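Have a look at the structure below, then the notes.
The values are calculated or read from the model by the stated rules, or taken from the named source; none is laboratory data. This structure is a prediction, so every number in the text was calculated from the model and none was measured. Quick reminder, even Gly has a Cβ in these numbers, built from the backbone with ideal geometry, and neighbours come from all protein chains shown.
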Amino acid sequence: MNQIIKKAALAIPPIKRRFDDLENLRAEYERTRVENIRLSQELEKHSAESAYYSCDLINNNFMHFNGSDRVTMCCEPLRIPETPLGATGRETIESFILMRAAALLEGRLQAKQRNEYRIYSQACLRCKQYKQQRWYPEDLISFINFSMSPTQCDARCIYCSYPMKKKEDLKSASVIEGYKRIFNAVAYAKDNGLLTQNVTYQVSSGEITIHPYKDWIMDIVGNSKANIFTNCFRYDERIEANLAANPSSLINLSIDAGTRETWFKIKGRDNFPVVKENLARYRRAGNNFGQITLKYIILPGINDNRADYEALSILMKDLGVRELLISRDIKYLYNAPSEYTEKLIRAAGELLYTLRGAGLRGNLVRGYSQPDRDAIEAVANGILASGRGA
């Protein structure tokens with residue numbers, strides 16, 4: 001009877017195309033799995049102490065769940081290495097481990113390989129973080145990033161291009177199946193000792209406080225170390241519980257403003273006083289001053305002004321936040337016009353100067369090249385030397 005139903009279903013063109021796609025995906029998965037076993041064996045022939053090309057994420061065994069059908073090794077806006085989720089947690093984890101082994105091997109053999117032989121590290125060659133040095137790779141998975149989509153967020157950040165959906169869109173059978181496969185993969189890794197003892201969970205799938213699978217996600221995180229990305233529009237007791245239970249956990253807010261007017265301009269919501277109060281509540285609920293992380297995505301012509309910089313410095317002191325993560329719009333990470341880069345460097349230098357003048361620190365996060373960092377430091381030091389910031 002099942003064969004009769006299958007034959008009838010395959011007579012319908014859309015179903016037939018979907019069936020063929022799945023069969024091709026299974027065949028590609030098996031081909032990749034076999035090839036990766038060979039590459040993994042080859043990797044063992046090379047010394048772990050020799051210099052080769054890699055990055056912190058590949059080296060530290062960073063596992064990134066992107067979308068609801070695949071797992072990758074990073075979150076750069078490039079054609080990054082990825083592998084489809086398997087039907088079981090074991091399939092997904094084995095596929096991921098072998099993919100990473102292949103990426104490590106390609107980093108070691110890079111000088112001997114032509115580009116067409118590079119399966120997983122092709123996009124890595126363009127990445128600012130991919131470099132040659134002596135690496136000591138972590139055997140176990142040390143970092144899991146829950147950045148699934150489709151997802152939800154009630155902010156309307158002007159720089160965000162992440163696909164946001166209505167709640168009912170996340171209840172479809174395909175999305176639920178994708179999320180289940182992700183959680184089954186993590187459960188398999190945990191049950192089989194494939195996670196480091198101090199594994200970090202990053203929760204960055206839209207806005208966690210309104211995510212329909214929030215409890216599912218937070219049950220996995222439990223009291224483990226967590227980096228929880230939130231817009232702080234509302235206070236959440238499950239986030240509070242994790243901060244209270246683990247002093248290494250933190251929340252991360254892309255604040256991007258110091259004034260109510262600029263916050264509204266960037267976030268599309270006039271609720272900055274509420275956000276500041278929720279930050280203060282999280283601070284009181286936590287174990288130490290380092291559990292609130294603020295990030296400032298510099299948007300030239302929008303939030304690069306002294307009023308925002310100075311107001312933010314005051315807020316940071318009130319919250320006990322000693323360091324600001326200075327970031328940039330990833331849309332222009334690899335294709336920024338020279339004029340845009342000049343404005344960005346000037347703005348970052350002025351922000352760095354303002355923070356230092358207030359006794360605070362600025363940390364230029366991934367995305368700024370070493371020449372960028374040198375130029376930003378030169379701007380900050382130039383303002384100090386000229387006395388123009390007084």
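Screening residue 104 with (1) over 19 Å from the mean Cα position of the chain (by Cα); (2) modelled with pLDDT under 85 gives one miss only, at (2). Regarding residue 369, is this residue surrounded by fewer than 19 Cβ atoms within 10 Å (Cβ to Cβ), touching a residue at least 12 places away in the same chain (Cβ under 8 Å) and among the polar types (S, T, N, Q)? Here the answer is yes, as residue 369 does meet what is asked.
Does the range 213-221 contain any residue that is in a strand (DSSP E or B) and either of a type in the set (A, V, I, L, M) or over 18 Å from residue 253 (Cβ atoms) (or both)? Checked the range 213-221: no residue is in a strand (DSSP E or B) and either of a type in the set (A, V, I, L, M) or over 18 Å from residue 253 (Cβ atoms) (or both). Among the residues making up the range 266-292, a single one is part of a helix (DSSP H, G or I), of a type in the set (D, E, K, R), out of contact with any helix residue (DSSP H, G or I) (no Cβ under 7 Å at 6 or more places or on another chain) and crowded, with 16+ Cβ neighbours inside 10 Å: 267.
Restricting the range 222-249 to residues that are under 14 Å from residue 283 (Cβ atoms) and assigned to a loop (DSSP other than H, G, I, E, B) leaves a set whose member that is nearest to the chain's Cα centre (by Cα) is 230. Can you confirm whether residue 252 is among the polar types (S, T, N, Q), closer than 21 Å to residue 204 by Cβ, in contact (Cβ under 8 Å) with a residue 12 or more places away in the chain and assigned to a helix (DSSP H, G or I)? The answer is no for residue 252. Would you confirm, using the coordinates I've provided, whether residue 257 is hydrophobic (A, V, I, L, M, F, W, C), touching a Leu at 6+ places or on another chain (Cβ under 8 Å) and either under 21 Å from residue 205 (Cα atoms) or without any contact (Cβ under 8 Å) to a residue 40 or more places away in the chain (or both)? So residue 257 does not fit the description; no. Just a yes or no: is a residue in the range 283-304 touching a Ser or Thr at 6+ places or on another chain (Cβ under 8 Å) and of a type in the set (Ser, Thr, Tyr)? Scanning the range 283-304, I find at least one residue that is touching a Ser or Thr at 6+ places or on another chain (Cβ under 8 Å) and of a type in the set (Ser, Thr, Tyr), so the answer is yes. Residues of the range 351-365 being under 25 Å from residue 331 (Cα atoms) and surrounded by 16 or more Cβ atoms within 10 Å (Cβ to Cβ), which ones? Within the range 351-365, 351, 352, 362, 364 meet the criteria.
The criterion of being over 20 Å from residue 63 (Cβ atoms), in contact with a strand residue (DSSP E or B) (Cβ under 8 Å, 6 or more places away or on another chain) and of a type in the set (Lys, Arg) holds for residue 283.
Being within 28 Å of residue 347 (Cβ to Cβ) and surrounded by fewer than 22 Cβ atoms within 10 Å (Cβ to Cβ) is a property that residue 295 has. Restricting attention to the range 325-345, which residues are among the basic types (Lys, Arg) and surrounded by fewer than 18 Cβ atoms within 10 Å (Cβ to Cβ)? Within the range 325-345, 331, 343 meet the criteria. Would you check if there is a residue in the range 282-300 being of a type in the set (Gly, Ala, Ser) and modelled with pLDDT of 95 or more? The answer is no; no qualifying residue exists. If the condition is being buried (at least 18 other Cβ atoms within 10 Å of the Cβ) and either over 18 Å from residue 329 (Cβ atoms) or among the aromatic types (Phe, Trp, Tyr) (or both), then the range 245-257 contributes 246, 249, 250, 251. Test residue 242 against the stated conditions and say whether it is of a type outside the set (A, V, I, L, M), crowded, with 16+ Cβ neighbours inside 10 Å, over 22 Å from residue 362 (Cβ atoms) and in contact with a Cys (Cβ under 6 Å, 6 or more places away or on another chain). Judged against the criteria, residue 242 is not a match. The set of residues in the range 161-202 being at pLDDT below 90 and buried (at least 19 other Cβ atoms within 10 Å of the Cβ) consists of 170, 175. Checking each residue in the range 325-343 for being within 21 Å of residue 357 (Cβ to Cβ) and assigned to a loop (DSSP other than H, G, I, E, B) picks out no residue at all. Taking the criterion of being assigned to a strand (DSSP E or B) and surrounded by 15 or more Cβ atoms within 10 Å (Cβ to Cβ), the only residue of the range 301-324 that qualifies is 324.
Comparison of 323, 350, 377, 310 shows that the only residue that is among the acidic types (Asp, Glu), within 24 Å of the chain's Cα centre (by Cα) and at pLDDT 95 or above is 323.
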